[in-house]
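Below is one structure, written out as structure tokens, with a few remarks after it.
The values are calculated or read from the model by the stated rules, or taken from the named source; none is laboratory data. What you see is a predicted model; the values in this text were computed from it and never measured. Quick reminder, even Gly has a Cβ in these numbers, built from the backbone with ideal geometry, and neighbours come from all protein chains shown. Accessible surface areas use protein heavy atoms only, side chains included; no ligands, DNA or RNA. Shrake-Rupley method; radii C 1.70, N 1.55, O 1.52, S 1.80 Å.
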Amino acid sequence: MAYNVGPLNELITQFERLPSIGRKTAQRLAFYILSQPKERAERFASALTEAREKVHLCDKCQCLTEFDTCPICTDEQRDRSTICVVEDPKAVMVFEKTQEYKGLYHVLHGTISPLDGIGPDQLKIKELMTRLADGSVKEVIMATNPTVEGEATASYISRLIKPMGIRITRLAYGIPVGGDLEYADSVTLTRALEGRNDI
């Protein structure tokens with residue numbers, strides 16, 4: 001007879017539904033949760049429920065927030081003439097960690113991918129165009145990933161924005177610091193050449 005504990009199996013199944021979590025990792029996580037004091041497990045469950053209930057999209061940039069408008073959009077110190085367009089909220093966190101970028105963001109929540117049935121209407125492009133309509137934005141930085149889908153999405157949005165007279169820039173991609181030219185692929189080298197700067 002197979003080892004079967006209903007609630008444990010359900011917990012394993014729920015962990016397994018998370019991205020990049022296989023069956024063995026799901027089992028490890030489930031057994032870890034069960035080995036914790038009851039209060040810690042309850043705090044974990046409470047954090048999940050609270051995040052799901054309280055976190056929603058910012059009414060301006062479409063990033064995740066617990067407020068109507070996120071703290072970045074309401075920060076008067078931010079440069080309101082620049083918007084950095086990213087694929088998902090994780091990218092905002094990455095940029096914010098650098099403490100270099102001082103403009104605003106716009107989160108698309110994906111990329112155009114016809115093979116997956118994702119077209120422009122499934123992304124937050126309409127919301128971006130609404131933000132650009134008042135003429136206060138002077139530059140849009142396309143910071144989608146350097147994938148086929150990311151490039152296609154950046155190209156599509158750029159074509160929509162061009163007639164508005166707004167400067168459109170793309171993140172420079174190329175050789176990472178500490179990287180070795182010998183191991184760089186041709187696409188990376190091409191990007192590095194295109195994004196070269198004066199010294």
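Starting from the Cα coordinates of the stretch 141-199, work out the convex hull volume and express it per residue in Å³.
Details: hull volume 6.0 nm³, N = 59.
Taking only Cα atoms, the stretch 141-199 has a hull volume of 101 Å³ per residue.
Angle check, please: helix 148-161 long axis (alpha carbons) against the longest principal axis of the chain (alpha carbons), in degrees 0 to 90, nearest 10.
That helix lies at roughly 50 degrees to the long axis.
On the accessible surface of the chain, probed at 1.4 Å, how many percent belong to carbon and sulfur atoms?
Numbers: 7750 of 13710 Å².
C and S atoms contribute 57 percent here.
Reachable aspartates and glutamates from LYS24, Cα under 12 Å, same-chain residues fewer than 8 places away excluded?
List returned: GLU16.
Along the charge dipole of the stretch 43-199, Cβ charges K/R +1 and D/E -1, which of CYS58, THR98, SER186 sits furthest on the positive end?
Result: CYS58, furthest along the dipole toward the positive end.
Using the basic label-point model (7 angstrom from Cα toward the beta carbon), what is the ILE21 to LEU48 distance in nanometres?
Taking the simple label geometry, ILE21 and LEU48 are separated by 0.7 nm.
In nanometres, what is the gap between the two model label sites at LEU160 and THR98, each 7 Å from Cα along Cα-to-Cβ?
Each label point is offset 7 Å from its Cα along the Cβ direction, giving 2.4 nm.
Beyond a 32 Å Cα-Cα separation, which of these cross-linked pairs lie in this structure: LYS54/LYS162; LYS90/LYS162; LYS102/LYS124; LYS90/LYS126? Each step should come with its number before you reach the end.
Details: LYS54/LYS162 37 Å; LYS90/LYS162 27 Å; LYS102/LYS124 22 Å; LYS90/LYS126 21 Å.
In this structure, LYS54/LYS162 lie more than 32 Å apart at Cα.
The stretch 37-94: which GluC sites (Glu not before Pro) are DSSP loop and have at most 11 other beta-carbon atoms within 10 angstrom? Could the numbers behind the result be given before it?
On the way: sites: GLU39, GLU42, GLU50, GLU53, GLU66, GLU76, GLU87; in loops: GLU66, GLU76, GLU87.
Sites meeting the loop and neighbour criteria: GLU76.
Whole-Hz ³J(HN,Hα) for each residue in the stretch 10-20, computed from phi via Karplus 6.51 cos²θ - 1.76 cosθ + 1.60 with θ = phi - 60°, x for glycine and proline: what do you get?
In residue order, the calculated couplings are 5, 4, 4, 4, 5, 5, 5, 6, 6, x, 6 Hz.
Can you tell me the accessible area per residue over the stretch 52-199, all protein chains present, probe 1.4 angstrom, in square angstrom? Before the final figure, lay out the partial values.
On the way: 9560 Å² over 148 residues.
Per residue, the stretch 52-199 has an accessible area of 65 Å².
May I ask for the Rg/Rh ratio of the chain, computed from Cα atoms with Rh as the Kirkwood radius, given to two decimals?
On the way: Rg = 21.4 Å, Rh = 20.1 Å.
So for the chain, dividing Rg by the Kirkwood Rh gives 1.06.
Take peptides 148-159, 115-126 and line them up by average Cβ neighbours within 10 Å, highest first, as a rough protection proxy. Walk me through the intermediate numbers first.
Details: 148-159: 17.2, 115-126: 13.2.
Those peptides, ordered most packed to least, come out 148-159, 115-126.
Enumerate the residues in the stretch 81-112 having an amide nitrogen under 17 Å from the point lying 7 Å beyond the Cα of THR130 toward its Cβ.
Hits in the stretch 81-112 for THR130 at 17 Å: 105-109.
What does the extension gain come out to for SER35 and GLU10, with contour length at 0.36 nm per residue minus their alpha carbon separation? Show your work: numbers first, answer last.
Numbers: separation 25, 0.36 × 25 = 9.00 nm, distance 1.63 nm.
Gain on stretching SER35 to GLU10: 7.4 nm.
When all alpha-carbon pairs of the stretch 75-186 are counted, what percent fall beyond 22 Å? Provide the component values of the computation, followed by the final result.
Working: 2266 of 6216 pairs.
That tail contains 36 percent of the Cα-Cα pairs.
Quick one: go through the stretch 88-125 and flag any residue whose amide nitrogen is under 19 Å from the point 7 Å out along the Cα-to-Cβ line of ALA152.
88, 108-125
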